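*Asks:* I have a structure here, written as structure tokens, and I will follow up with some questions on it.
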Amino acid sequence: MTRRDTRRIDSSRLKTHVDAMAEQAVDVTPDASSRHLHNGLDTPLPPADLHGSYTNNRPLPTEGIADRHAYIIGSGIGGLSAAFFLIRDGHMPARNITILEFQKIEGGALDAAGNAEEGYIVRGGREMEMTYQNFWDVFSEIPALELPEPFTVLDEFRIVNDADKNWSKARLLEKQGQIRDFSTMGLSRLQQLELMRLFLARKEDLDDITVEEWFSEDFLKSNFYMFWCTMFAFQNWHSVLEMKLYMHRFLHLMDGLNDMTSLVFPKYNQYDSFVRPLMAWLKDQGVRIQYDTIVSDLEMDVSGETKTTTAIQCHTGNGDETIKIHARDLVFVTIGSIVEDTAYGDDDTVPQLRVNEPDPGVGSSWQLWKNLARKSPAFGRPEKFCGDVPRSTWESATLTCKPSPLVDKLKEFSVNDPYSGKTVTGGIITFTDSAWLMSFTVNRQPHFPDQPDDVIVPWVYALLMDKPGDCVKKPMLECTGKEILTELCFHFGLIDQIDEVIAATKVRTALMPYITAQFMPRAGGDRPWAVPEGSTNMACLGQFVETHNDVVFTLESSVRTARTGVYSLLGIKKQVPDIYPGQYDIRRLLRATRTLNNDEAFLGEGLLRRLLGGTYLENILPLGPDEETADLHKHGVFEQQLSALRGLFEESHTLDTAKKWIQGAIDNLRERR
């Protein structure tokens, strides 16, 4: 691995333009949703959401960078990415960077541990896609895990996914292992209007509104919402603002929501695939990491609205310690943690939660955030996210399986042989009639590099923590690993073979009290910006940091906050691109509209086909099931659309709803005049 060259860079031959750039104001985090796309003298920089090679330019080092130091609190993907951007784009010597980590291992929520004898465990996984501009930018430079230099993690990832398309043949199950129809979204016209209303709503009008307050009860029973809540781990009481942001962020993936064809996955678990190679690169560059370190607070010099961090208060194995921060040094803080205070269980034990206890090791990241929030409203309101543990908790179970009737059953729902190394289930499969709303997945195997050839490692989770099971008559969080396995086997129709399955399976469980805390209802000001207002040398990282348009619970959002913090504090003259602009792509909009209309022609599609069929632009039109391009030239759809329009007017409840919605929009326009 090549170390970064930190020698002085001679830019004298570009002095005219370097000096001009120094005077130029650059909005590090441009908001594409608030700008009108155009070209003109006022657009020297790329569009806010431009992705691709043109945005991968290297910025010049800022003045005095060689003498500055950085302290990063937390070694999750956000903290590790902050170190990466400090080195690559900030030109900071790696030896000047120190990471402070509470645990004995780096990675945060991107974890994986165990062995075949005691059982493997991963607390959770990440569903990934291709447009994570910031994340893939990092891993386009990190040396690959298994290929030699100059290949990167991204190169390796592309080889695996380009040759092994992800898909699911059994997204929904019911009645003890029968496949339920998941071919369409199952939305009525009225329910489609509910989604449209959310898509068009202003973000600032959705403060503290929940999903169940926005949508009808019937909507929450649809296939669409079953796909949505189990794939993204949304609960009915979570933020409808976050659901809106997800709709915009992933609109280009809408037609892959039901069969998982929109997703990509690594070869191994998230720790081995991403954390290991990134941490190895950082250490090779010279970054220091200090484990077993609990950061309790930051000392700050507050003058008016200006806040300068002057010290880090922490506790190590050697006792309390204060790290002095000089005026030009930087501090990056991971606020909150979705895996804080995880309680573990196994075959015979039930996880025992410890939250809100007067122990410095309990809730330390949340306590740090609370201490910061007491200093200024600019640091947000952590209690909005960590203050209702029952509503932010769910549990996962990792199974280590030798051959058994369970493995045979898993093969029935796999798109490839689980032992082949290729895609297995293609993502989660949900038991729709499970009282726990239980789902499972089997990723590519081996899931761990040291996994024996005869072992399969599935992952199981459930959303509803307060309901008794259908076979085991108590809530999941009160169950041992064997009891969770029994409930799973019941839904597979394997209850008569449970003893054989238990004998061949190890179960390790993880009960996480804050795993969906980032989804809790929120309002403006509840989350701090990456650089809180008035902060001169401290930035916030992670899942509880405000962004213009990005979503939570993704690798990309953590990396985005890290990049934003580094660029902002160092004064780097470069933008962090806004989210992928698929929501503005007419092809994606039309495709998503047809998908939400249960893959039937939507109102107006017949007219579009008549206008554009046979022209250069006919490729923007979505095709229906089993259709080919030539079918766009056929007559009939337009006439069908006229008939559908008449049917719409006959459905008075839909028409009345549409009238009310349109009238409300007109009233809003009048109020703005």
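The values are calculated or read from the model by the stated rules, or taken from the named source; none is laboratory data. Since we're looking at a predicted model, the values are computed, not measured. Please note: Cβ atoms are built from the backbone with ideal geometry, for glycine as well, and neighbour counts cover all protein chains shown. Accessible surface is based on the protein model in full, side chains and every heavy atom, while ligands, DNA and RNA are left aside. Shrake-Rupley method; radii C 1.70, N 1.55, O 1.52, S 1.80 Å.
*Asks:* Taking A327 as meeting all but one of (1) surrounded by 16 or more Cβ atoms within 10 Å (Cβ to Cβ); (2) on the phi < 0 side of the Ramachandran plot; (3) at pLDDT below 95, write down the number of the exception.
*Replies:* (1)
*Asks:* Separate question: With D320, D329, D359, D347 as the choices, which residue is over 21 Å from Q543 (Cβ atoms), charged (D, E, K, R) and in contact with a helix residue (DSSP H, G or I) (Cβ under 6 Å, 6 or more places away or on another chain)?
*Replies:* Only one candidate passes the filter, namely D347.
*Asks:* In this structure, is P521 closer than 30 Å to P30 by Cα, open to solvent by 10 Å² or more (accessible area, probe 1.4 Å) and touching a Phe, Trp or Tyr at 6+ places or on another chain (Cβ under 9 Å)?
*Replies:* yes
*Asks:* Same structure again: Can you tell me how many residues within segment 472-495 are part of a loop (DSSP other than H, G, I, E, B), in contact (Cβ under 8 Å) with a residue 12 or more places away in the chain and out of contact with any Pro (no Cβ under 8 Å at 6 or more places or on another chain)?
*Replies:* 4
*Asks:* Here's something else I'd like to know. I need a count of the residues in segment 374-383 that are in a helix (DSSP H, G or I) and open to solvent by less than 10 Å² (accessible area, probe 1.4 Å).
*Replies:* Final tally of qualifying residues: 1.
*Asks:* Here is a follow-up. Of all residues in segment 56-71, which are outside any loop (DSSP other than H, G, I, E, B) and either touching a Leu at 6+ places or on another chain (Cβ under 9 Å) or under 14 Å from R88 (Cβ atoms) (or both)?
*Replies:* The answer is I65, A70, Y71.
*Asks:* Let me ask something additional. Are any residues in segment 48-57 without any contact (Cβ under 8 Å) to a residue 60 or more places away in the chain and open to solvent by 60 Å² or more (accessible area, probe 1.4 Å), and if so, which ones?
*Replies:* Of everything in segment 48-57, those that are without any contact (Cβ under 8 Å) to a residue 60 or more places away in the chain and open to solvent by 60 Å² or more (accessible area, probe 1.4 Å) turn out to be S53, Y54.
*Asks:* Write out, first by first residue and then by second, each pair whose Cβ atoms fall under 6 Å of each other, whose residues are 6+ apart or on separate chains, and whose first residue, in segment 200-225, is touching a residue at least 12 places away in the same chain (Cβ under 8 Å) and over 11 Å from A523 (Cα atoms) while the second is open to solvent by less than 60 Å² (accessible area, probe 1.4 Å) and aromatic (F, W, Y).
*Replies:* Cβ pairs passing all conditions: T210/W237.
*Asks:* I would also like to ask the following. Looking at I99, I121, which one is under 21 Å from G427 (Cα atoms) and not charged (D, E, K, R)?
*Replies:* The unique qualifying residue is I121.
*Asks:* Please go through (1) assigned to a loop (DSSP other than H, G, I, E, B); (2) in contact (Cβ under 8 Å) with a residue 40 or more places away in the chain; (3) closer than 30 Å to I484 by Cβ for W366 and return the number of the only condition it doesn't satisfy.
*Replies:* Of (1) assigned to a loop (DSSP other than H, G, I, E, B); (2) in contact (Cβ under 8 Å) with a residue 40 or more places away in the chain; (3) closer than 30 Å to I484 by Cβ, only one is false for W366: (1).
*Asks:* Tally the residues that are at pLDDT 95 or above and either out of contact with any helix residue (DSSP H, G or I) (no Cβ under 8 Å at 6 or more places or on another chain) or under 21 Å from I87 (Cβ atoms) (or both), restricting the search to segment 288-309.
*Replies:* 11
*Asks:* Scan segment 384-411 residue by residue and report those that are assigned to a helix (DSSP H, G or I), open to solvent by 30 Å² or more (accessible area, probe 1.4 Å), in contact (Cβ under 8 Å) with a residue 24 or more places away in the chain and over 14 Å from A462 (Cα atoms).
*Replies:* Answer for segment 384-411, where residues must be assigned to a helix (DSSP H, G or I), open to solvent by 30 Å² or more (accessible area, probe 1.4 Å), in contact (Cβ under 8 Å) with a residue 24 or more places away in the chain and over 14 Å from A462 (Cα atoms): K384, K409.
*Asks:* Could you tell me which of the residues A510, A523 is outside any loop (DSSP other than H, G, I, E, B) and within 22 Å of the chain's Cα centre (by Cα)?
*Replies:* Among A510, A523, only A510 is outside any loop (DSSP other than H, G, I, E, B) and within 22 Å of the chain's Cα centre (by Cα).
*Asks:* Scan (1) within 29 Å of V153 (Cα to Cα); (2) open to solvent by 10 Å² or more (accessible area, probe 1.4 Å) for the single condition L282 breaks and write down its number.
*Replies:* (2)
*Asks:* Going residue by residue through segment 297-313, is there one that turns out to be over 23 Å from C540 (Cβ atoms) and not in a strand (DSSP E or B)?
*Replies:* no
*Asks:* Something else now. I'd like the residue in segment 444-471 that is free of Cβ contacts under 8 Å to residues at least 40 places away in the same chain and open to solvent by less than 20 Å² (accessible area, probe 1.4 Å) and, out of all such residues, is farthest from S168 (Cα to Cα).
*Replies:* The qualifying residue farthest from S168 (Cα to Cα) is G469.
Okay, residues lined up against (1) open to solvent by 20 Å² or more (accessible area, probe 1.4 Å); (2) touching a residue at least 12 places away in the same chain (Cβ under 8 Å); (3) not in a helix (DSSP H, G or I):
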site	(1), (2), (3)
S337	yes, yes, yes
D341	yes, yes, yes
Y344	yes, yes, yes
Q352	yes, no, yes
E357	yes, no, yes
G361	yes, yes, yes
L372	no, yes, no
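*Asks:* Could you give every pair whose Cβ atoms fall below 7 Å, whose first residue belongs to segment 61-88 and is closer than 14 Å to R288 by Cβ, and whose second residue is open to solvent by 10 Å² or more (accessible area, probe 1.4 Å) and at pLDDT below 95, counting only separations of at least 6 or pairs across chains?
*Replies:* I87/R4
*Asks:* Restricting segment 306-324 to residues that are free of Cβ contacts under 8 Å to residues at least 40 places away in the same chain and under 16 Å from S535 (Cβ atoms), which is most open to solvent (accessible area, probe 1.4 Å)?
*Replies:* Among those that are free of Cβ contacts under 8 Å to residues at least 40 places away in the same chain and under 16 Å from S535 (Cβ atoms), it is T310.
*Asks:* When only residues in segment 420-453 that are in a loop (DSSP other than H, G, I, E, B) and hydrophobic (A, V, I, L, M, F, W, C) count, which is nearest to K165 (Cα to Cα)?
*Replies:* The extreme case among them is V424.
Residues checked against (1) at pLDDT 95 or above; (2) buried (at least 21 other Cβ atoms within 10 Å of the Cβ); (3) touching a Gly at 6+ places or on another chain (Cβ under 7 Å):
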{"site": "C229", "(1), (2), (3)": "yes, no, no"}
{"site": "W237", "(1), (2), (3)": "yes, no, no"}
{"site": "L241", "(1), (2), (3)": "yes, yes, no"}
{"site": "M254", "(1), (2), (3)": "yes, yes, no"}
{"site": "M260", "(1), (2), (3)": "yes, yes, yes"}
{"site": "L263", "(1), (2), (3)": "yes, yes, yes"}
{"site": "N269", "(1), (2), (3)": "yes, yes, no"}
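*Asks:* So D284 fits all but one of (1) closer than 19 Å to L110 by Cα; (2) of a type outside the set (K, R); (3) part of a helix (DSSP H, G or I); what number is the exception?
*Replies:* (1)
*Asks:* Tell me, yes or no, whether segment 237-248 has at least one residue that is more than 30 Å from R444 (Cα to Cα), hydroxyl-bearing (S, T, Y) and either without any contact (Cβ under 8 Å) to a residue 12 or more places away in the chain or touching an Asp or Glu at 6+ places or on another chain (Cβ under 9 Å) (or both).
*Replies:* Yes.
*Asks:* Among R180, R171, R126, which is open to solvent by 50 Å² or more (accessible area, probe 1.4 Å), in contact (Cβ under 8 Å) with a residue 40 or more places away in the chain and closer than 30 Å to H491 by Cβ?
*Replies:* R180
*Asks:* What are the residues in segment 565-617 that are of a type in the set (D, E) and surrounded by 21 or more Cβ atoms within 10 Å (Cβ to Cβ), if any?
*Replies:* D578, E605
*Asks:* Another question, then. Looking at segment 316-332, which of its residues are out of contact with any strand residue (DSSP E or B) (no Cβ under 6 Å at 6 or more places or on another chain) and not in a loop (DSSP other than H, G, I, E, B)?
*Replies:* Matches in segment 316-332: T316, G319, D320.
*Asks:* Going residue by residue through segment 108-126, is there one that turns out to be in a helix (DSSP H, G or I) and under 16 Å from Y268 (Cα atoms)?
*Replies:* no
*Asks:* Using the structure shown, decide if F135 is among the aromatic types (F, W, Y) and either more than 25 Å from the chain's Cα centre (by Cα) or part of a loop (DSSP other than H, G, I, E, B) (or both).
*Replies:* No; evaluated as a whole, the condition is false for this residue.
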